[in-house]
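Note sheet for the following structure.
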Amino acid sequence: MLYTPAGVIAAEITFFTPFVVRPLLASFSMLPKAHLNVAASLGASPLRVFRSVVLPEAWPALTAGGGLVLLLTLNEFGIVLFTGAKGVTTLPVLIYTRGIVTFDLPGAAVIATVQIALSLSLYGAYRVAFARLTAQRERTGDAVVDPPR
């Protein structure tokens, strides 16, 4: 099981989970408890409180952690070699195989260029999506405002 693509995916999930959990915990720690209390006192169910109050506040942290994990998995090399999954080929393993094992440096350079372009395009898509989401929240007034003291 460990030497299959499913085993590599399970190992990567185990390894990269903290990169998503830590930003979420930071986001949850900044969520004012008053917002949860007000939503609950107005009769919202726990699911509705989660969907309407917690999730909009946690969404930027979740997307940032997910984007970080996506970019890290694109540059992942150690887990595949550590698990010994010979049938699993990722871009970094392919670059290593082309460049070091078969000594095809031009082919390795082309694959590395594709990997860089893919990473930069994913980062650009994340920035555009985040900018649109922020602009949409500002336009519609969905930004959560601290209650007056």
If a/c stays under 1.5 just call it rounded; otherwise compare a/b with b/c (prolate if a/b is bigger, oblate if not). Do that for segment 1-71, with a ≥ b ≥ c from the square roots of the Cα gyration tensor eigenvalues. prolate
Length-normalised contact order of the chain, Cα under 8 Å, at least 6 apart, in percent, tallies to 26
Using only the alpha-carbon atoms, how far is helix 5-16 inclined from the longest principal axis of the chain? Give it as 0 to 90 degrees, nearest 10. 50
Quick check of the Kirkwood formula: for segment 5-140, what is the inverse mean of 1/r over all pairs of different Cα atoms, in Å? 17.9
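Given 0.36 nm per residue, what is the gain on full extension from T63 to Q136 after removing their alpha carbon distance, in nm? Please list the in-between numbers first.
Values: separation 73, 0.36 × 73 = 26.28 nm, distance 1.61 nm.
Net length gain for the segment: 24.7 nm.
Based on the Cβ-Cβ distance of L94 and A34, what FRET efficiency does E = 1/(1 + (r/R0)^6) give at R0 = 41 Å, to the nearest 0.05? Intermediate values should be presented prior to the final figure.
Details: r = 52 Å, r/R0 = 1.26.
It comes to 0.20.
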So what is the 222 nm mean residue ellipticity for the chain from helices alone, if each DSSP H run of at least 4 adds -39500 (n - 2.57) and you divide by all residues, rounding to the nearest 500 deg cm²/dmol? -22500 deg cm²/dmol
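Subtracting the Cα-Cα distance from 0.36 nm times the residue separation, let me have the gained length for V128 to Y3 in nm, one decimal. Present the calculation step by step, with values, prior to reporting the outcome.
Working: separation 125, 0.36 × 125 = 45.00 nm, distance 3.72 nm.
Full extension of this stretch gives 41.3 nm more.
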Suppose R0 equals 30 Å. What FRET efficiency, 1/(1 + (r/R0)^6) with r the Cβ-Cβ distance, do A44 and V21 give to the nearest 0.05? 0.70
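Every read-out reported here was derived from the displayed coordinates using simple, explicitly stated rules and does not represent laboratory data. Because the structure is a prediction, the values reported are computed rather than measured. Please note: Cβ atoms are built from the backbone with ideal geometry, for glycine as well, and neighbour counts cover all protein chains shown.
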